[in-house]
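Undergrad: Can you read through this structure? Questions will come right after.
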Amino acid sequence: MKITCVGAGPAALYLSILARLDRSDHEITLVERDPRGATYGWGVTYWPDTLAALERHDPVSAARIRDSSLIWGDGEAHVRGRIVRHAGDSGYAVGRHRLLEILSDRARELGVRIEYERELDAAAPLPDADLVVAADGMHSQVRSRHAREFGTRVTHGANRFLWLGTTKVFTTFGFSFVETPHGWIWCYAYGYTPSQSTCVVECSEATWRGLGFEGLGRDECLRLLEGHFSQFLEGHSLTSRGEPRWQSFRTVVNASWAHGNVVLIGDAAHTTHFSIGAGTALAFQDAIALARQLRTVPAGQSLGEALGAYERERMRALLPVQSAARLSAQWYENLPRYAALPPEQMFALLGQRHSPVLPHVPPRLYYALDQLVTQTRWLRPVKRRLGHGLSRVLQRRHLAPAARLPQQDTAARPVGRPDARTPGAGAEPAREGAGPTRPDAAPAGAAGSHFDGPPHQPQ
């Protein structure tokens, strides 16, 4: 089978690895517009269950990823001069540059061809292949050619965020919430190498304007943020690749993931808010599912049934994750609703932010009820089942318009350059971020105020 992937991110690279492991006669080419080694973002997060899946499918690349990762655990929040800690599961983080290096090296070892600095002309036909995999991110050019057939819908979040690095190495998943005269500003941070951490800053539009970030240059912006988060950073500096670019997060959904011989994967198919950090794990899951379905196609036979099965499997699996991401974004967009709580209660509800019930119940009452559930063992599984089922139902209703509408972008306006290609400057860093959530976790969260996966982890 001749397979061409447009884009060479984790989804396309891992798909190419699995496809070549399945059949060495597959002819696979990856077309990437950026130079080799160029990437955006800092560190990406994943869970032990993701690592276990990678080990089952390709132990070679899994071992390299594991050996290049930093392990962190628990959660720590700085709120109003106090530090609140919660126990939680351990997770992993690896530099995005290193991850792509591992995957691309492994793909080439298996005979995959990767063509860097090659961009498809928007007016030119798609590559001649049995299967064209659109793996070119949330701004997918391949997807846009058939936007009506895919039923693409793009919505923009209300808050602004900025993707940075820092020289402070966090061994826990850290949060800092700072109240200013213009509103709250906060950041999330986690280590990914022995000398670096990712730091994502977020605030409302009004706070962003009130604090004077509009028009600030790189050094001025970083120094202002270092002042706000001085206690959290403990004197360490913030770093930026290029000029800092504040963005609003774009949520991409598609009513269909396949059209003819073109199939969507990774951020081209779906995005989930950076506050659940699920992007990379979901990219791996997409690749594993698509490779499994391609394995069922006899040589020379139609791909239609396999692509349809892939679409159905992944859409169903994504429902609780998309619900968690949507509710997580809403929690932060309504932060003042929870910031009035004592820090311990606020941090506990941060870990419960994926609950579809929380937005409709006064926070103090929800916290009290949640404590009751914690103390009543038989209620815990009931809560999980009800929350999981309710989230699926509500998410299906939320996604329903995508099945009826052609491509539309509901943003009030883009923030920064929507088509930025400079590594670290575009909207795509939003794949990874704070508060990782296991991609298969029930959005309602675990019973009680347990710090569920700092708190509760994606591409």
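Undergrad: Pick out the one residue from Gln196, Gln231 that is over 28 Å from Val31 (Cα atoms) and surrounded by fewer than 16 Cβ atoms within 10 Å (Cβ to Cβ).
TA: Gln231
Undergrad: Collect the residues in segment 260-306 that are on the phi > 0 side of the Ramachandran plot and either surrounded by fewer than 24 Cβ atoms within 10 Å (Cβ to Cβ) or of a type in the set (Lys, Arg) (or both), keeping them in residue-number order.
TA: Gly260, Gly300 - these are the residues of segment 260-306 that are on the phi > 0 side of the Ramachandran plot and either surrounded by fewer than 24 Cβ atoms within 10 Å (Cβ to Cβ) or of a type in the set (Lys, Arg) (or both).
Undergrad: Further, regarding this structure: Could you check, for segment 287-296, whether at least one of its residues is in a helix (DSSP H, G or I), in contact with a helix residue (DSSP H, G or I) (Cβ under 9 Å, 6 or more places away or on another chain) and polar (S, T, N, Q)? Step through it out loud before you land on a result.
TA: Within segment 287-296, the subset in a helix (DSSP H, G or I) is 287-294.
Right, trim to in contact with a helix residue (DSSP H, G or I) (Cβ under 9 Å, 6 or more places away or on another chain) and you get 287-294.
Right, trim to polar (S, T, N, Q) and you get 293.
Looking through segment 287-296, at least one residue is in a helix (DSSP H, G or I), in contact with a helix residue (DSSP H, G or I) (Cβ under 9 Å, 6 or more places away or on another chain) and polar (S, T, N, Q).
Undergrad: Scan segment 200-212 and tell me whether some residue there is of a type in the set (Val, Ile, Thr), in a strand (DSSP E or B) and crowded, with 17+ Cβ neighbours inside 10 Å.
TA: yes
Undergrad: Taking the criterion of being modelled with pLDDT of 95 or more, touching a strand residue (DSSP E or B) at 6+ places or on another chain (Cβ under 7 Å) and closer than 29 Å to Leu100 by Cβ, would at least one residue in segment 336-343 satisfy it?
TA: Within segment 336-343 (the criterion being modelled with pLDDT of 95 or more, touching a strand residue (DSSP E or B) at 6+ places or on another chain (Cβ under 7 Å) and closer than 29 Å to Leu100 by Cβ), the answer is no, since none of the residues qualifies.
Undergrad: Output the residues belonging to segment 1-37 that are open to solvent by less than 10 Å² (accessible area, probe 1.4 Å) and on the phi > 0 side of the Ramachandran plot.
TA: Gly7 - this is the single residue of segment 1-37 that is open to solvent by less than 10 Å² (accessible area, probe 1.4 Å) and on the phi > 0 side of the Ramachandran plot.
Undergrad: Taking the criterion of being charged (D, E, K, R) and closer than 21 Å to Phe161 by Cβ, would at least one residue in segment 324-334 satisfy it? Quick ask: steps written out before the conclusion?
TA: Narrowing segment 324-334 to residues charged (D, E, K, R): 326, 333.
Going one step further and asking which of them are closer than 21 Å to Phe161 by Cβ, we end up with 326, 333.
Yes; the residues of segment 324-334 include at least one that is charged (D, E, K, R) and closer than 21 Å to Phe161 by Cβ.
Undergrad: Mind checking which pairs have a first residue in segment 142-158 that is closer than 15 Å to Glu311 by Cα and of a type in the set (Gly, Ala, Ser) and a second that is assigned to a strand (DSSP E or B) and open to solvent by less than 50 Å² (accessible area, probe 1.4 Å), Cβ under 8 Å, 6 or more apart or different chains?
TA: Sorted first by the residue in segment 142-158, then by its partner, the pairs are Gly151/Asn254.
Undergrad: While we're on this one: I'd like the full set of residues that are out of contact with any Pro (no Cβ under 8 Å at 6 or more places or on another chain) and part of a strand (DSSP E or B), limited to segment 90-102. Steps first, answer last, please.
TA: Going through segment 90-102, the residues out of contact with any Pro (no Cβ under 8 Å at 6 or more places or on another chain) turn out to be 93-98, 101-102.
The answer is Ala93, Val94, Gly95.
Undergrad: Only one of Ile3, Ile71, Ile65, Ile17 is under 24 Å from Ala135 (Cα atoms) and in a strand (DSSP E or B). Can you tell me which?
TA: After ruling out the rest, the residue left standing is Ile3.
Undergrad: Let me ask something else about it. Just checking, how many residues over segment 20-29 are of a type outside the set (Asp, Glu) and assigned to a loop (DSSP other than H, G, I, E, B)?
TA: So the answer is 3.
Undergrad: Let me ask you something else. For segment 213-225, what are the residues that are over 26 Å from the mean Cα position of the chain (by Cα) and open to solvent by less than 30 Å² (accessible area, probe 1.4 Å)?
TA: Gly217
Undergrad: To continue, here is another question. Quick check on segment 350-385: of everything there that is modelled with pLDDT of 75 or more and aromatic (Phe, Trp, Tyr), which residue is surrounded by the most Cβ atoms within 10 Å (Cβ to Cβ)?
TA: Once the filter is applied, the top-ranked residue is Tyr367.
Undergrad: Could you please find all residues in segment 84-122 being β-branched (Val, Ile, Thr) and either open to solvent by 40 Å² or more (accessible area, probe 1.4 Å) or closer than 30 Å to Phe347 by Cα (or both)?
TA: Listed by number, the residues that qualify are Val84, Val94.
The values are calculated or read from the model by the stated rules, or taken from the named source; none is laboratory data. Predicted model, so just to flag it, every value in this text is computed and none were measured. All Cβ positions, glycine included, derive from the backbone under ideal geometry; neighbour counts span all protein chains shown. Just so you know, the surface numbers come from the protein's heavy atoms only, side chains and all, with ligands and any DNA or RNA stripped out. Shrake-Rupley method; radii C 1.70, N 1.55, O 1.52, S 1.80 Å.
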